[in-house]
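Reviewing the structure listed below.
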Amino acid sequence: MARVLKFGGTSVSTPERIKEICEISKNILAQEDKVIVVVSAMGKDPATKYIGTTDYLINMGKKAEKADKSFIEELSYLEERHINAATALLNKENLAHFTEFLGQKVNNLRNLLHGVYLLKELSAKALDCICSFGELCSSKLVSLYFSQKMPSTKFLDARRVLRTNSDFGAALINFDITDQQIDIQTQKDGMYVMGGFIATNDKEMTTTLGRGGSDYTAAIMAAGIKADSLEIWTDVNGVMTADPRKVKEAFSLTHLTYEEAMEMSHFGAKVLHPPTVQPALSSNIPIYIKNTFEPDYPGTCISQEANDKHLVKGVSSIANVSLLSIQGTGLIGVSGIAARLFNALARAKVNIILITQASSEHSITFAIKPEDVERAEFIIHAEFEYEINAGQINQLNIQNDLSIVAIIGSGMRQVSGISGRMFKSLGQNGINIYAIAQGSSELNISAVVHSNDTVKALNALHQSFFLSNTKTLNLFVLGVGLIGGTLLQQIKKQTEKLLKDKSLRFKIVALSNSRKMLFDENGIEIDGYKEHLEKGNDADLKGFVEKMISMNKANSIFIDNTASKAPSEFYEEILKKSISIVTPNKVANTLSQERYENLRHLAKVNNARFRYETNVGAGLPVISTLKDLLNSGDKVLKITAVLSGSLSFIFNSFKTGTSFYDIVKEAKEKGYTEPDPRDDLGLTDVARKALILSREIGLKMELSDIDLQPILPQKCMDAETVDDFFNELKANEGYFDNLLQKALDNQSVLRIIAEITPEKSQVSLQQVNASNPFYSLLGSENMIVFKTERYFDTPLIVRGPGAGAEVTAAGVFAEIIAEANELDAN
């Protein structure tokens with residue numbers, strides 16, 4: 001026999017209340033073999049009226065982000081509050097233990113807040129670590145006190161049990177690993193105490209489960225140990241028929257179905273959060289909502305059975321919504337209008353609360369939160385610009401200061417007269433209805449009313465009825481040569497793992513090389529893709545882009561693996577269609593400054609991403625590192641870099657007794673150089689990379705502004721063909737031997753180095769001795785040295801292979817996965 005108990009913040013807000021929940025838990029342990037107690041952070045302090053610990057921690061983080069030092073004083077209060085509670089509860093030995101534990105957590109929190117203060121940035125990752133303090137400390141305190149009353153009590157660190165993905169702030173549980181950890185950590189009988197809300201990802205970084213996460217934790221633990229029941233202990237007598245603050249006659253329900261509980265949670269029932277129900281429902285575990293302050297009250301049982309006489313179980317509301325309507329003759333009989341509308345709103349991250357459409361198809365109406373109205377209006381006008389201008393759709397109608405009221409209950413199914421009774425009740429009370437919605441499940445009926453009528457509507461309805469989880473990314477791949485072909489093989493190799501670990505599926509919808517292109521909306525098999533491609537249509541870049549756009553696939557990514565300028569001419573059109581771009585092709589980023597800025601603008605306004613990490617340094621994290629420095633408020637003083645893997649390979653290999661001609665030939669054969677090695681040896685490729693880095697730090701400049709100091713004899717540069725170039729290179733070997741000898745005479749080596757400062761950028765061949773970090777470079781290694789205000793005495797260095805199909809393809813692949821994560825956040 002096993003039971004899981006969850007106590008909310010109010011139940012652990014004072015020493016007296018912790019004693020009360022201990023007594024409740026002790027009595028239950030006498031009846032069960034195993035009991036797991038899940039606690040929230042300490043709730044609102046009744047003495048000081050301070051907000052609950054979690055909200056307090058969030059506010060501290062926000063103050064640190066704004067460079068408001070008052071967070072330091074507030075941290076002292078938080079520490080004092082926990083020490084005072086511990087002093088009132090714990091014996092000498094346990095108090096010493098808790099004081100040491102708390103001191104470590106406070107120091108960690110102080111350092112983290114100080115980091116936020118310095119960076120003036122509060123990331124979701126940092127906020128999760130900050131918020132974890134509350135549950136860690138409350139659960140430790142409760143476990144120590146419980147151990148004084150129940151020696152079998154064991155403390156469980158939730159972060160060692162619950163495993164999630166890396167969606168900080170609202171992480172998703174990895175149930176396979178979590179269930180294994182639950183089995184391992186809770187094998188013995190007895191009492192366990194743990195914090196809710198917190199978990200870790202696969203890198204052991206702290207994550208949180210979002211608001212209501214402690215309820216969810218308890219449900220996960222109940223399912224994991226196959227508990228006989230889950231009890232959520234709050235400060236009310238179960239789930240009420242309505243909000244008692246608005247409806248005085250509201251009373252607690254004895255029974256609810258899982259479906260009803262989820263629906264009521266959506267409509268504002270605060271005692272239970274929607275995700276909590278799912279693990280219990282899946283394992284058929286009954287949930288009891290009980291009152292810590294009236295432990296003998298039966299509360300509400302949530303189960304599969306609808307054991308209640310009431311057809312309607314609850315009357316709820318969602319306050320403060322706006323109602324938007326589009327209407328016009330252009331909607332009638334036109335397929336795809338609704339899809340366009342709601343896809344556009346999704347891209348704008350607008351959450352839709354209610355939807356209704358007239359049977360005449362003349363209008364579509366939906367409810368959203370007021371803070372989303374501006375975004376919704378913008379995206380709708382953008383999506384339907386043509387129809388509005390043509391008069392087919394009228395201007396958007398917006399109504400504010402509204403609320404949604406709803407009646408909820410599975411007993412309404414197939415029972416006539418319920419809706420008539422609802423609207424009659426509202427009509428009789430002079431309440432105007434702006435919109436109506438009812439799902440096919442017949443679980444709820446919703447009506448939109450004016451905010452001023454909300455309480456009146458709830459009371460009227462209450463009196464009437466109670467008182468008489470896989471994401472698919474669609475990839476359009478241009479270029480299947482060395483990099484593109486390698487990318488496809490890497491995708492194939494990781495397909496099963498990503499599907500299993502990330503619930504992520506890649507569908508290769510289109511492939512194209514310079515001769516053929518192939519489309520298949522069901523996905524092209526990577527095995528044998530070369531043969532399939534040869535059977536495709538003749539390659540047509542414009543046609544490829546047009547076909548991609550016309551397919552209008554969700555989660556589409558355009559991947560440009562070429563080195564050609566031609567694809568970049570379509571980037572603007574692609575971004576305008578909200579299709580993200582991932583590319584190692586650096587051409588677009590090195591055209592005019594105006595186009596460089598416009599690409600970023602289009603990506604932003606169309607909710608798409610333009611990803612180009614592999615433009616500089618192949619698979620090395622160069623661009624992302626630079627962006628992180630700048631975004632965190634650092635200032636770049638100088639970038640010194642070896643940016644060409646091909647030139648690094650060439651000059652690292654160029655030693656006494658070697659032929660410069662042979663080395664360049666080998667570099668081309670290995671795919672280290674561009675098809676025409678003069679793009680590398682002429683320093684054009686390095687100049688492009690230097691230009692990108694220059695623009696990334698805020699310099700407005702063109703490629704012609706890069707100061708290039710040529711290293712090739714003019715005859716080599718003027719050769720008409722690549723073969724002619726190699727002939728000239730062979731004829732000028734003495735020139736390169738002389739350069740090498742001069743370097744050796746100075747006990748130095750030759751390196752092509754880009755130097756970027758806020759004033760200028762240049763690329764040149766330089767001699768470097770053993771004291772220079774570039775001296776030790778090997779093979780095709782790149783090295784980028786960032787000297788910034790923060791990294792002044794010891795510059796930040798990024799080093800690794802800067803050329804080769806494997807590392808470049810891996811960099812592209814990483815950005816595709818990053819796009820999937822972005823779509824997850826979005």
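The values are calculated or read from the model by the stated rules, or taken from the named source; none is laboratory data. Treat the numbers as computed from the prediction; the structure is a model and nothing was measured. Positions of Cβ are backbone-derived with ideal geometry, glycine not excepted, and every protein chain shown enters the neighbour counts. Calculation scope for accessible area: heavy atoms of the full protein, side chains included, ligands and nucleic acids excluded. Shrake-Rupley method; radii C 1.70, N 1.55, O 1.52, S 1.80 Å.
Report, for the chain, the % of DSSP beta bridges that are antiparallel, rounded to 5.
Numbers: 67 of 116 bridges.
Given both bridge residues lie in the chain, the antiparallel proportion sits at roughly 60 percent.
Which listed residue (137, 71, 87) has the Cα farthest towards the positive end of the charge dipole for the stretch 60-159, taking +1 on Lys and Arg C-beta and -1 on Asp and Glu C-beta about the Cα centre? Farthest towards the positive end: 137. Positive end of the dipole of the stretch 448-506 (Cβ unit charges, origin at the Cα centre): among 488, 472, 452, the Cα lying farthest that way belongs to 488. Full extension of the chain between residue 656 and residue 746 gives 31.0 nm of extra length, using 0.36 nm per residue less the Cα-Cα distance.
Summing Cβ point charges (Lys, Arg +1; Asp, Glu -1) relative to the Cα centre of the stretch 53-117 gives a dipole of roughly 120 debye. Estimated at 0.36 nm per residue, the fully extended path between residue 398 and residue 203 surpasses their Cα-Cα distance by 65.6 nm. Residue 496 sits with roughly 150 Å² accessible to a 1.4 Å probe, with DNA, RNA and ligands left out of the calculation. Over all Cα atoms in the stretch 737-826, the spread is summed up by Rg and Dmax: 17.7, 58 Å.
Under the simplified labelling scheme, the residue 701-residue 796 pair shows an inter-label distance of 2.1 nm, with each label point 7 Å from Cα along Cα→Cβ. Ordering 472-483, 525-536, 811-822, 563-574 by mean Cβ neighbour count within 10 Å, with the highest value first, yields 472-483, 811-822, 563-574, 525-536. Look at the dipole of the stretch 207-348 built from charges on Cβ: of 234, 216, 335, the Cα furthest out on the positive end belongs to 335. Length gained on full extension, residue 93 to residue 16, computed as 0.36 nm times the residue gap minus the Cα-Cα distance: 25.7 nm.
Assuming R0 = 22 Å, can you tell me the calculated FRET efficiency for the pair residue 630 and residue 108, based on Cβ-Cβ distance, to the nearest 0.05? Intermediate results must be reported in sequence, preceding the final value.
Working: r = 27 Å, r/R0 = 1.24.
My answer for the efficiency is 0.20.
With the simple model of a label 7 Å out from the Cα in the direction of the Cβ, residue 436 to residue 451 spans 2.6 nm. Of the trypsin sites (Lys or Arg not before Pro) found in the stretch 14-115, the ones in coil according to DSSP and having at most 16 other Cβ atoms within 10 Å of their Cβ are 44, 49, 66, 69.
Calculate the FRET efficiency for residue 355 and residue 669 from the Cβ-Cβ distance with a Förster distance of 60 Å, rounded to the nearest 0.05. Plugging the Cβ-Cβ distance into 1/(1 + (r/R0)^6) gives 0.50. Only lysines eight or more places from residue 62 in sequence, or on another chain, were considered; those with a Cα closer than 16 Å are 120, 125. Assuming charge only on the beta carbon of Lys and Arg (+1) and of Asp and Glu (-1), the dipole of the stretch 262-419 about its Cα centre is about 320 debye to the nearest 20. Remark: the stretch 349-439 carries a charge dipole of roughly 660 debye about the Cα centre, counting +1 on each Lys and Arg Cβ and -1 on each Asp and Glu Cβ. Bridgeable aspartates and glutamates around residue 742 (alpha carbons under 18 Å apart, same-chain partners fewer than 8 residues away excluded): 733. In plain terms, the bigger the Kirkwood radius, the slower the diffusion; for the stretch 77-164, with that radius from Cα pairs, at 10 °C and 1.306 mPa s, Stokes-Einstein puts D at 112 µm²/s.
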